[in-house]
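Working notes, beginning with the structure itself.
The values are calculated or read from the model by the stated rules, or taken from the named source; none is laboratory data. As the structure is a computational prediction, the values presented were derived from the model and not from experiment. As a convention, Cβ positions derive from the backbone with ideal geometry for all residues, glycine included, and neighbour counts pool all protein chains shown. These area figures cover heavy atoms from the full protein model, side chains too; ligands, DNA and RNA do not enter into them. Shrake-Rupley method; radii C 1.70, N 1.55, O 1.52, S 1.80 Å.
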Amino acid sequence: MARQKQLRFAALQHMPNVIDGTGSPAGWFDHTCGATTPVVVELGCGRGEYTLALARRSPGQMFLGVDRNGARLWNGARTALDAGLTNAFFLRLPIEQLADHVPRGRIAELWIPFPDPLPKRRQSQHRLVSPEFLRQYRALLTRGGSIRLKTDDARLIAFAEHAVRTVGGQLITASDHRPTDHDEEAIQTAYERKYRRQGRTIYERQFVLAPALAAGVAL
Ligand SMILES: C[S@@+](CC[C@H](N)C(=O)[O-])C[C@H]1O[C@@H](n2cnc3c(N)ncnc32)[C@H](O)[C@@H]1O
């Protein structure tokens, strides 16, 4: 298994749809995603299931999956190449460094499906929806750009809503899916399928961080 991880990690360096954040060339973002078009980004994309599904749905839009785990990222990148998907790219990077690699105001939508909940209090700053992360995302989002969070963890939802309020953002939409709900349209990663099988509710929230442009839901 460790050997397979090493091989995948090595292969990643040569995949044309992978950018390695440790040595990304200057201007890679414009070169890869186009100089002006806003991009849709998935944070903590793991095996890239969400990024791939979004890219298949919207061929005219650019998608970027970000994760620090190269072996997981390999799966998404390999599938995109095999399927001939030319609008899905993957960036291997700790999300803490995202603002060093993505120009300001270029992300139209930021997806965070099933992030690690990190339940211990001392881990809270590492949650991908902490105020520290949200402040970083705000600079990268387009005017009116939004954040989409999906999780089975009610405590993480409460934490995220509080964090959004802390940075002056606003909740735009909220939906709680019961395990029995059938939503043909929903993209489901392995995590979501597992949680649904376990009978867990799936919470979905959409936030804006800039002063609200749309009518928000009171928190
Ligand atoms: C629970 S998995 C979810 C994967 C995917 N979103 C899905 O639904 O299948 C969380 C992912 O976030 C990544 N991750 C967590 N914190 C990160 C960070 N600070 N920087 C980069 N990746 C991170 C992990 O490596 C892992 O692949």
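Rolling a 1.4 Å sphere over the protein heavy atoms, what is the accessible area per residue of the chain, to the nearest Å²?
Ligands and nucleic acids excluded, the figure is 51 Å² per residue.
From the phi of every residue in the stretch 197-203, what ³J(HN,Hα) in whole Hz does the Karplus formula 6.51 cos²θ - 1.76 cosθ + 1.60 yield, where θ is phi - 60° and glycine or proline is x?
4, 7, x, 8, 6, 10, 9
If I build a Gaussian network model for the chain, linking alpha-carbon pairs within less than 10 angstrom, which residue out of GLU96, GLU192, GLU109 has the largest mean-square fluctuation?
Of GLU96, GLU192, GLU109, the most mobile in the Gaussian network model is GLU96.
Could you list, bin by bin from short to long, the percent of Cα-Cα pairs of the stretch 2-208 in 10 Å steps?
In order of increasing distance, the bins hold 8, 35, 38, 18, 2 percent.
Of LEU110, LEU209, LEU85, which is the most mobile in a GNM of the chain whose springs link Cα atoms less than 10 angstrom apart?
Maximum among the listed residues: LEU85.
Let me have the 222 nm mean residue ellipticity of the chain computed from DSSP H runs of 4+ only, each contributing -39500 (n - 2.57), with the sum over all residues rounded to the nearest 500.
The helix-only estimate for the chain comes to -9500 deg cm²/dmol at 222 nm.
So for ASP152, ASP176, ASP100, what's the accessible-area order with a 1.4 Å probe, most first?
Solvent-accessible surface, decreasing: ASP100, ASP176, ASP152.
Under the definition of Cα pairs under 8 Å and six or more residues apart, what whole-number percent is the relative contact order of the stretch 1-113?
35 percent
Over the chain, calculate the relative contact order: mean separation of alpha carbon pairs under 8 Å at least 6 apart, over the residue count, as a percent.
Relative contact order here is 18 percent.
Using per-residue counts of other Cβ atoms within 10 Å, averaged over each peptide, order 164-170, 198-204, 25-31 from highest down.
Order by mean packing, descending: 164-170, 198-204, 25-31.
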